[in-house]
Every structure is written in structure tokens, then in C-alpha cells.
1. So for the chain: antiparallel DSSP bridges make up what percent, rounded to the nearest 5?
2. Distance between Cα centroids, the range 35-60 to the range 122-172: provide it in whole Å.
3. Please express the shape of the range 50-204 as an equivalent ellipsoid: the semi-axes are the square roots of 5 times the eigenvalues of the C-alpha gyration tensor, given largest first in whole angstrom.
4. With everything on Cα atoms, drop me the angle between helix 254-291 and the longest principal axis of the chain, reported from 0 to 90° to the nearest 10.
5. With a bin width of 5 angstrom, please list the P(r) values of the range 169-213 as percents of all Cα-Cα pairs, from the 0 bin to the one holding the largest distance.
6. Using the Kirkwood formula over every pair of different C-alpha atoms, what hydrodynamic radius in Å results for the range 1-133?
7. What's the extension gain from ARG72 to ARG204 if we count 0.36 nm per residue and subtract their Cα-Cα distance?
8. Could you check how many percent of all C-alpha pairs in the range 202-249 are farther apart than 18 Å?
Amino acid sequence: MTKMSAVGRQGIPLIELDHVDKTFGPVVALRDISLGVYPGEVHCLLGDNGAGKSTLIKTLSGVHQPSRGELRIEGRKVVFESPRDAINAGVATVYQDLAMLPLMSIARNFFLGREITRQVGPFKVFDMDTASRITREELHKIGIDLRDPDQAIGTLSGGERQSVAIARAIYFGAKVLILDEPTSALGVKEAAVVLKYVLQARARHLGVIFITHNVHHAWAVGDTFTVLNRGQSYGTFAKEATNREALLSMMAGGEALEELSVELGEIAHTDRTAAARSEAAAARALHEGAVHPGGHG
């Protein structure tokens, strides 16, 4: 299995990291990370807990600035001073907590922070009718038929809330959609719903960065895979050049996984030996009881 090059990936990457490091004092969170995401591509970022996924997300979305290396948008070097800079450049991030207010309506959450208004005398007020209409239309485009855009978003399932967040990002002009563990708290059916909308975003030529530690979900939708382990990249691999087992091994750290397998084998062998000894002792006790009934008075 070999690392992939940009050959066969069309045009200039929508977003690209070039030899990026991120340090916090003496702590190295990311080391020499390079990756690019192209239009119409689902780029899966894989790694176990502590691999550096969260730091990488925050670097891509403007929360952190790289300590070394470059971030480029469509070939142009940029420095995001804040998440607002990233949003204005077309980079939208959907975090695990979704940044939604559960008691507010779907339409109000759809326009949260970007409220559309109408003039009422000298005042500007939230245009609920227009917001509800746009929300219904945009969700319909990705296959969700709302009963009522004015219902509280907290009444939706986890998968539906993820889908609202994805539709919102697309509506506001995202070119790159970063999804932070979108299926981690969902059941099988809800996860399948979210994965379907990920594919729809790809069909609309967005670049999707799908962060997950679930190889099976990544394999279902991914085109390319970057594996992180302890802040370092094992490389980027095309789907046709790898397999699920190889990705899982890299996520766990291949040598560590092999060592664990050996340890588990030794434990199992020890347990089997101990169990056999216990069974033999019990059999002897039963035999002695049968030969000498009643024991010693």
C-alpha cells in the first residue's frame, strides 16, 4: 500500500495544508501534516482518541493558526485569524454539538447568527415567514420534508439535526464542509441518513472532510483517507489503494495492535490453563467424595 499523489484528482485543491505543525508550548499537537481536499471528494480523516483530529479541525476552521507550514484556499495562501474568516472563505464546520438551540425553531436555528430581517417602522425584525420558506426549500433539496419549520429543533432526531446543519452550511455558500464525528452518537439507521447527505454534498461538488474514528462509516462514503496517529500523518490513501483492515491497523498503530493481540493470546492461554486445573481439582474432589462417602466423623 502506497501513499497517493494528486494525479487523477482534478484541478486545484479547495483547501490544502502544506507541512503544518501546531504546538502549544512544548507540546506538539500536529507534526508535518499535509493534505488536500478537492471538489466532489469526501476526504476521511481517521484517528483514534488523542490522534490530533480536533486540533486539525480547529486549524482548518480558524480557531488555531499553524505554528509552521501553510494553509491554502484554492491555491492561495491564507491566514485565518478567526472562524469568521474561515466561514467567509467558504469553509464551514459542523461540530459534534451542532451549535444549535434545542428550544428554538428549526428556521431560527437555520439562520442562527445570520438572521434575515424585514423592516417594521424604524425597526428590523426577524423575517419568520421568509426564513421558514427558505428552510423548507433547502431541506427539501437534500431530501428532508419538514412537517413544520417552526417546530423546535430539539424534537428532531440526531440524524435530522445533523442534516439541518449540513443544509445550512451549503445554503450559506460553503465550498468545504468539515464534519466532526457526525455519526458518533447515532444508531445504525440515523447514521445511514447522515451518510446519505454526505454523499449528496459530494454530488454538489463540495469538498467534504469527514472526521471519524469509525472505519466502517468512512469506508461507506470516502474517496480518500488520511490517517492520524499521535499528531502525525501516516499518509493519504485512495480507496482503491487500501482496505478497511489496513486503515484500522494504522489507526491503532500497527505494532501496538500486534502487541495487544499477543498479550490477549497469552491471557487467553493462561485462563484456559487455570480453568483446566480448576476442572481437574473439582473432578478429583467429586471422585474422593464418591469413594469415601460421609468423610471422617
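1. On the way: 25 of 45 bridges.
Just about 55 percent of them are antiparallel.
2. Between the Cα centre of the range 35-60 and that of the range 122-172, the gap is 27 Å.
3. Details: eigenvalues 151, 91, 38 Å².
Square roots of five times the eigenvalues give 27, 21, 14 Å.
4. With both axes taken from Cα atoms, the answer is about 30 degrees.
5. So the P(r) values, bin by bin, are 5, 22, 31, 24, 14, 4.
6. Numbers: mean 1/r = 0.0569 Å⁻¹.
Over the range 1-133, the inverse of the mean reciprocal pair distance is 17.6 Å.
7. Values: separation 132, 0.36 × 132 = 47.52 nm, distance 2.16 nm.
Between ARG72 and ARG204, full extension yields 45.4 nm more.
8. On the way: 299 of 1128 pairs.
Of the Cα pairs, 27 percent sit more than 18 Å apart.
Bear in mind these aren't lab numbers, they're just calculated from the coordinates by the rules spelled out. Values in this document were obtained by computation on a predicted structure and should not be read as measured data. No Cβ is skipped: glycine too gets one built from the backbone with ideal geometry, and neighbour counts run over all protein chains shown.
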